Amino acid sequence: MNEMIPVHDIDFIRKMINARSVWRTFEEIILMQSTGLFDINGKEIFEGDVVNFEDAEDLENVYINQGLIEWCQGGFTVTNRATVTMADLLDGDNLEVTIIGNIYENPEW
């Protein structure tokens, strides 16, 4: 079962990670990079998170879309894979996102 758990220590010499007082090898763990930002519910946003966000053509046509948080060209973006559009996550208009999962727990995304 895949789950997100906090990392307490990283031993680069032995290539081991301490998570929940259990040491695991680098091969057993996928480290997720924090964006330093939080969604509208106060949950920390990580690279690989899948989010809902408002998308708008104009003020009358606002709809909820899904996107993937990715690192691209020096910044974090929300990428809608269906339309292949990207938006800068640090743009104030796109900070109103809601995390609905991540690519590690939902690899089909």
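The values are calculated or read from the model by the stated rules, or taken from the named source; none is laboratory data. Keep in mind that what you see is a predicted model, and the values were worked out from it rather than measured. As a convention, Cβ positions derive from the backbone with ideal geometry for all residues, glycine included, and neighbour counts pool all protein chains shown.
Values computed for the structure shown
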quantity	calculated
Residue identified as loosely packed, with under 15 Cβ neighbours inside 10 Å and either on the phi > 0 side of the Ramachandran plot or at pLDDT 85 or above (or both) among Ile17, Ile13, Ile5, Ile64	Ile13
Residues being under 14 Å from Glu96 (Cα atoms), assigned to a loop (DSSP other than H, G, I, E, B), touching a residue at least 24 places away in the same chain (Cβ under 8 Å) and not charged (D, E, K, R) - total across the range 20-42	2
